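Undergrad: One structure coming up, written as structure tokens, with questions to follow.
The values are calculated or read from the model by the stated rules, or taken from the named source; none is laboratory data. Note that the structure is a prediction, hence the values are computed from the model and not measured. Virtual Cβ from ideal backbone geometry, glycine too; neighbours counted across all protein chains shown.
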Amino acid sequence: MSLFMSLDCPHCMVSHSPFYIHKIVVTSTTPSRSDRDRSSTYTFDASGVCGPCGRMVVAGFKGRCLAPPALEKSAGDLSGTAKFQGHHADLEIVFQAPSPAKPSAPEHLPPPILRAYLDAEKAYSQGIWNLAAGGYRKAVDRAVTPLLSEEAKGKMLGPKIGMLEKTNLLPPAMLDWIRIVKNDGNFALHDDDHDFDSREEIEPAREFAFTLLTYLYTLPEKVRRAQGLPKEEGSTP
Ligand SMILES: [Zn+2]
């Protein structure tokens, strides 16, 4: 019977992915002090291969069970309650290597912008380049809309860049960043024949989106807080 453990995969980003266990090594055994309880607390390392992507991780566990050989023969989900020789044992994940990457974003973004950016980052980390490029465009679109008048709402990003140009709010170089993010997003979503095939192709859009959001939201909020002013309404902690 194959053994598996359920972990968040750092490679393909699947949550609770089934990892088929190759090897378990018991690293410590602590017998129970009670005469009536014959179970011991074990720590053990398990190496496994992710079902969806085939990449490997090592995870350390700590838990109670009746006998160490049971670990070798056990079947079940090692991430939570596992069955060892028919008994349940509570297991705790002590470490995981590589650890699951958490998508990150510039600080203090308003929630709709944060959501779009994190969605793009998640797609980026999974290698779904077209989805990532579309996500960066959406994040940038949402980021610049509040700078414009009501009539910008509902318009595409292209006309918004034209309106931004007239406001002189952003330096020309920054408008070029936005154009690159827009063009990559349009290409990803609308081109009939071509797709993005590599990280390098969308790296500029990712970098410009990050820098623009940092400039527009993170830095002003940091300044507000450094001046002791209350946080901007709608900004995240
Ligand atoms: Zn995986």
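Undergrad: Could you look through the range 201-237, keep only residues that are surrounded by fewer than 14 Cβ atoms within 10 Å (Cβ to Cβ) and of a type in the set (G, A, S), and pick out the one that is farthest from L109 (Cα to Cα)?
TA: Only one residue tops the list, namely G228.
Undergrad: If S79 meets every condition in (1) modelled with pLDDT of 65 or more; (2) within 16 Å of the ligand (Cβ to nearest atom) apart from one, which number is that one?
TA: Among (1) modelled with pLDDT of 65 or more; (2) within 16 Å of the ligand (Cβ to nearest atom), S79 violates only (1).
Undergrad: In the range 185-217, what residues are among the β-branched types (V, I, T) and under 15 Å from A173 (Cβ atoms)?
TA: Result: T211, T214.
Undergrad: Kindly indicate which of E72, E107 is modelled with pLDDT under 85 and among the acidic types (D, E).
TA: E72
Undergrad: Moving to a separate point now. Restricting to the range 22-68, what's the tally of residues that are of a type in the set (K, R), modelled with pLDDT under 80 and in contact with a Leu (Cβ under 9 Å, 6 or more places away or on another chain)?
TA: 2
Undergrad: Continuing with this model, one more query. Do you know which residues across the range 55-66 are assigned to a strand (DSSP E or B) and charged (D, E, K, R)?
TA: Of everything in the range 55-66, those that are assigned to a strand (DSSP E or B) and charged (D, E, K, R) turn out to be K62, R64.
Undergrad: Further question: Filter the helices (runs of 4 or more DSSP H) completely within the range 144-237 down to those with at least 2 residues that are under 22 Å from the mean Cα position of the chain (by Cα), of a type outside the set (G, A, S) and under 16 Å from L114 (Cβ atoms).
TA: In the range 144-237, the matching helices (runs of 4 or more DSSP H) lie at 199-213.
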